[in-house]
Structure formats: C-alpha cells, structure tokens
Amino acid sequence: AMHGGIAAATTIASLPVCPASSTRYLRPSQPQLRGGGCATTSASSPPPLRNRSFGTLGLAQKKGRATHVVDGTPRPLVSAAAAAPAAMATWTVGVWTAESFGADGGAGGGVPLAPSPWERPLVTPDIKLVRGCGRKGGKGSAAANTEVAGNPGGTDDDNLSTFDETAYFAALRTRSDGHQLWTAKALPSTQTVLQDNAAASAIPPGVVCVADAQVRGRGRGGNTWTSPPGCLMFSMLTTHAEGRTLPFLQYVATMAAVEAIQEAADQAMSAAVPGFRCGTGRAVDVRIKWPNDLYSGGLKIGGVLCASTYSSGAFDVVVGVGINLDNAEPTTCVNRVIAERLARDGLPLPSTPVTRERLLAAFMNCFEALHGLLASSGGFAPLEEAYLRQWLHTDQEVSLEEDGGVTDVRLTVKGLTSTGYLLAVDGKGARYELHPDGNSLDFFKGLVRKKVP
C-alpha cells in the first residue's frame, strides 16, 4: 500500500493493478479502504502518483544552530516536535467556511456546504473537528476563540493555529475550492488527515487543511519530513473524473504553486516600482524540477504530493503542498528570494513579507482554474507550453548507464510525452520516453528509457 495503514476492521478485497496511475480502486460494495494506492504499475503506464511527489517540505537539519526568519526577524529553528503540544492525544482542528465570512467565490457565489461540517465524525479518533469562531484578539493569538463541542463558547487553545482565516478568505476568489478551511497548530500530517477520512467521512471536495507544523510530514515513497513553523504546509481534497489525465494533476499543482509565488513577487515589485509589468512569470527565479519539486537558484523551496482513491466513478485526490516561506536557513525561502530580487535592483523591501494566507489563497485561485482547464480539455496539451516555461529541463543533457554501467548513453530532454514522462532525443534524433527506476531519491539518477515513435 502506498500510504498509511488499513483499519483493523476493514475487509481487504482483491484490488486490481491500476493501469494509469498509482490509485486504489474501490468497488461500491466493498468497505472503504483508507490511504492507499496500487503497489505496482506497468513500465508503460503514466507516472504513478505514489512515486512522483513530495507532499510537505522537508528542511535538512544541519549540525549547529540553524535559524529561520519570521516576519523579517531571525529566530532559532524550532523542530516540529517542539512546536507541537506535548503528548497530544487528540489533535483539535478548527473548521472555517467561506460562507461564514461572506465570501461569494468571486464568480457568482460559492457552492453551499453541508450544515455544521465540524460535526462530521472522522474515522481517525485522534483528530477532533471543532467549529472555528470569530477572532477576538487579532491574527494568530490565543485570544482567537475556537468553540469546543460539548462546551459551547469555551476555548481550546492547545492546538490553536496562528493562521489568519479572515485574511485568507478575503483573498480567495474560487467558486468552491478552499471554501472549507481546516486549521491546526500542529498535526501528524495534513496529508494523512484528509487521506484517511476523505471517503469514509464524506468530506466535500475543496476542503483544505493547514498546519503550522507537522510532526510526521509525508513525502514520496513514504518518507517522513521535518516540517517546522515558517512553511506553508497544506493538503486539499479534489475530485477528477478521467483516469488518463490523472497523472497530470501533480503538474497542475506545481504550476499553481509557481504561479502563486510569482504573483506574490509581482505584488512586491509593483509596490516598489510603479508600472511594473506583472504576469510575466519571471519576477523571481522559481522553477519546477520534474516532476514535483520547486527550486530557486538550485535550492529546493517546496514540493507536491498527490495520492488518490477511486470510488463511485471518480477519483478522490489529496493534493499536498509544502512551501518554505520564511526559513532562510539552511537553504532559502520565498521571502528571501523576493527580497534578494528587490535588493539586486536597489529597490526597497515590501512593508510586509508574503504571508501564508495570501500564498494559499493565490494557490487555490490558480489551481481551480488550471484543474478546470485540464478536466475540460481532456488532456495536458493546453497547459504543456506554460508548464515547460516553468520547468528547469528543456535541453538538459542526461546520462543513462546501461548494461550494468558499461554503456553510457547521453540524451537531451525536450519535453513531456503524452503519458507525462520525460521526452528525450539522442544524437541521431531518435526519441525516447524516460522513466525513473523507482530506486533513487533523485529522479534523474537511475532513469530507464523506452523508444517511442
């Protein structure tokens, strides 16, 4: 199985190997299985989701005293475990809805949500949903009030997030994505919260779950990543009808992340330079490292993880994203990248850095539009040109070791194949589809090739 365990009471029926992606198929007559994805895929299938992405940002922990920057102030790097409430038996998650903030989706009204979504029972007993109430003391303080079931009007600040839901909803322009917001100070993983509960708890599509810190952030191949404060870490639930285009959903997510960062940089540049041309996608150096990582100046600043289940004629997909927003060490972060761009041109720094709320809303706005285009067009072709402008790899040379390392084959990357793998050519112009061998953390090590027309 790809993610998580199976509930002890679950009966496991035979699951077919998925021809198009690493997705668990659920028959309506079968009990709903948690987590999951097929354990194997054929060599000719499109890129499996389980092996294609990092979900939450993992910051390398170097020896010595590392620092991160919050609101422009260097602070010691705090581990996710230290940031989490001690001995948390139940993780309290506040639930907020766009309707309660008067949001209309920016395009004729949002999709009505089921009443009292915080009362929805979850299959994970350690996660408790509570109603998010209005802020009383401003952004990110214990003065924010969260109503606890069984204690109306009471507060439960042990796992209260600093995420400012008012600022987020003010910037949200979607029709439905992101209209239900879950927030927590710390969680084991936003990805597993939604994966484990999506089908069994009937969570509506568009829900987004944000944590200030994660103690068991999920990555590709089941890797666990340190996810400290100062990062935007979230997972969202969406649906997708077409299995053939499902593998491209992770590409849509990486595109939305890059566009959201570029939008934030555009706003900073516009404030410093009246008349600055926005929308070029080149305000700062942020690119996609195929298939799922975000890089700036050769350093990783984020990543994406997609996991899906199939039931009742559609795919439920949990899209996890981690973006380093404020931790300038040990690598770099979005706010440092923007600050360095301004400094290079001798421009003043913005009065306020990019916030998680603004970046998340921008991502949701972009993702909904791009996903809609992918779904309506039935393929990635309308998005491919924009994707290739955002990635790092056009005309990149790769070296493949074959025959046990005896033969060194050199190829040049030209784009993507129709199934989403790398398209490369050799010195004679022969075209090849490149697949990762599944054994290396770096996709560009251990590539295998298949000749294509």
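The values are calculated or read from the model by the stated rules, or taken from the named source; none is laboratory data. Since we're looking at a predicted model, the values are computed, not measured. Cβ placement follows ideal geometry from the backbone for every residue including glycine, while neighbour counts extend to all protein chains displayed. The protein model used for the area step is the full one, side chains on, heavy atoms only, and it has no ligands, DNA or RNA in it. Shrake-Rupley method; radii C 1.70, N 1.55, O 1.52, S 1.80 Å.
Would you mind listing the strands (runs of 3 or more DSSP E) fully within region 229-343 where at least 3 residues are touching a strand residue (DSSP E or B) at 6+ places or on another chain (Cβ under 9 Å) and open to solvent by less than 10 Å² (accessible area, probe 1.4 Å)? Reasoning before the result, please.
Details: elements: 231-240, 287-289, 293-296, 299-311, 314-324.
In region 229-343, 231-240, 299-311, 314-324 are the strands (runs of 3 or more DSSP E) which contain 3 or more residues that are touching a strand residue (DSSP E or B) at 6+ places or on another chain (Cβ under 9 Å) and open to solvent by less than 10 Å² (accessible area, probe 1.4 Å).
When D437, D408, D426 are checked against the criterion of being over 23 Å from L370 (Cα atoms), in contact with a strand residue (DSSP E or B) (Cβ under 8 Å, 6 or more places away or on another chain) and modelled with pLDDT of 85 or more, a single residue qualifies: D426.
Annotation: of all residues in region 191-212 being more than 19 Å from H371 (Cβ to Cβ) and of a type in the set (S, T, N, Q), the one that is surrounded by the most Cβ atoms within 10 Å (Cβ to Cβ) is T192.
Would you pick out the residues in region 380-416 that are on the phi > 0 side of the Ramachandran plot and either out of contact with any helix residue (DSSP H, G or I) (no Cβ under 9 Å at 6 or more places or on another chain) or touching a residue at least 60 places away in the same chain (Cβ under 8 Å) (or both)? Before you say what the answer is, go through the steps one by one.
Taking region 380-416 and keeping what is on the phi > 0 side of the Ramachandran plot, we get 395, 403-405, 415.
Residues satisfying the conditions are D395, D403, G404, G405.
Under the condition of being in contact with a helix residue (DSSP H, G or I) (Cβ under 9 Å, 6 or more places away or on another chain) and small (G, A, S), the residues counted in region 341-375 number 5.
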